[in-house]
1. Within region 32-66, can you find the residues that are of a type outside the set (Phe, Trp, Tyr), touching a Ser or Thr at 6+ places or on another chain (Cβ under 8 Å), open to solvent by less than 40 Å² (accessible area, probe 1.4 Å) and touching a residue at least 24 places away in the same chain (Cβ under 8 Å)?
2. List the number of the failed condition for Gly105; all other conditions in (1) over 23 Å from Leu11 (Cβ atoms); (2) at pLDDT 95 or above hold.
3. When you look at Arg19, is it open to solvent by 70 Å² or more (accessible area, probe 1.4 Å), in contact with a Gly (Cβ under 9 Å, 6 or more places away or on another chain) and either part of a strand (DSSP E or B) or not aliphatic (A, V, I, L, M) (or both), yes or no?
4. Among the residues of region 22-52, what is the count of those that are part of a helix (DSSP H, G or I) and among the polar types (S, T, N, Q)?
5. If we keep just the residues of region 91-118 that are hydrophobic (A, V, I, L, M, F, W, C) and under 20 Å from Val2 (Cα atoms), which is surrounded by the most Cβ atoms within 10 Å (Cβ to Cβ)?
6. Identify, by number, the condition in (1) at pLDDT below 95; (2) open to solvent by 50 Å² or more (accessible area, probe 1.4 Å) that Val5 doesn't meet.
7. Taking Thr69 as meeting all but one of (1) of a type in the set (S, T, N, Q); (2) surrounded by fewer than 19 Cβ atoms within 10 Å (Cβ to Cβ); (3) touching a residue at least 60 places away in the same chain (Cβ under 8 Å), write down the number of the exception.
8. Which condition does Pro88 not pass, out of (1) at pLDDT 95 or above; (2) under 20 Å from Phe27 (Cα atoms); (3) surrounded by fewer than 17 Cβ atoms within 10 Å (Cβ to Cβ), if it passes all the others?
Amino acid sequence: QVQLVESGGSLVQPGGSLRLSCAASGFTFSSYTMSWVRQAPGKGLEWVSTINSGGGSTTVADSVKGRFTISRDDAKNTLYLQMNTLKPEDTAVYYCARVGSWPWGDYWGQGTQVTVSS
């Protein structure tokens, strides 16, 4: 059973930092490209960042470039998103997704809420 479970979301003030985690199970995590996607209130899905199966190639959306860093620990079957200098517009539910057939995720987590507000 493929499972992706996000955690680490919280309420933070603008300028603050959070690290999101995505615990993967039920598949060979190290073999898959992984992505973070977010959905702001009342908005559609927005791609945030992707990391390849070897961990040597990452891409990030312009809206978070220089502030967010994606990483993975294959020994722990875990995907991370380090979020720094958070802005109110970063408020969203953040999902991790396994990339089955590029660019589409074939499995998604349940999401974790990030709220950036003073």
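1. Residues satisfying the conditions are Thr33, Met34, Ser35, Ala40, Val48, Ser49, Thr50, Ile51, Val64.
2. (2)
3. On the way: open to solvent by 70 Å² or more (accessible area, probe 1.4 Å): yes; in contact with a Gly (Cβ under 9 Å, 6 or more places away or on another chain): yes; either part of a strand (DSSP E or B) or not aliphatic (A, V, I, L, M) (or both): yes.
When the stated conditions are applied, Arg19 passes them.
4. Let us first name the residues in region 22-52 that are part of a helix (DSSP H, G or I), namely 29-31.
Okay, now just the ones that are also among the polar types (S, T, N, Q), so 30-31.
Number satisfying all stated conditions: 2.
5. To start, the set of residues in region 91-118 that are hydrophobic (A, V, I, L, M, F, W, C) comprises 92-93, 96-97, 99, 102, 104, 108, 114, 116.
From the residues that got through so far, the ones that are under 20 Å from Val2 (Cα atoms) too are 96-97, 99, 102, 104, 108.
Details: Cys96: 29, Ala97: 23, Val99: 18, Trp102: 9, Trp104: 10, Trp108: 16.
Of everything passing the filter in region 91-118, Cys96 is surrounded by the most Cβ atoms within 10 Å (Cβ to Cβ).
6. (1)
7. Going through the list (1) of a type in the set (S, T, N, Q); (2) surrounded by fewer than 19 Cβ atoms within 10 Å (Cβ to Cβ); (3) touching a residue at least 60 places away in the same chain (Cβ under 8 Å), Thr69 breaks only (3).
8. All conditions are met except number (2).
The values are calculated or read from the model by the stated rules, or taken from the named source; none is laboratory data. The shown structure was predicted, so the numbers you read here are calculated from the model rather than taken from an experiment. Cβ: placed from backbone, ideal geometry, glycine included. Neighbour counts: every protein chain shown. For accessibility, only protein heavy atoms count, side chains too; no ligands or nucleic acids. Shrake-Rupley method; radii C 1.70, N 1.55, O 1.52, S 1.80 Å.
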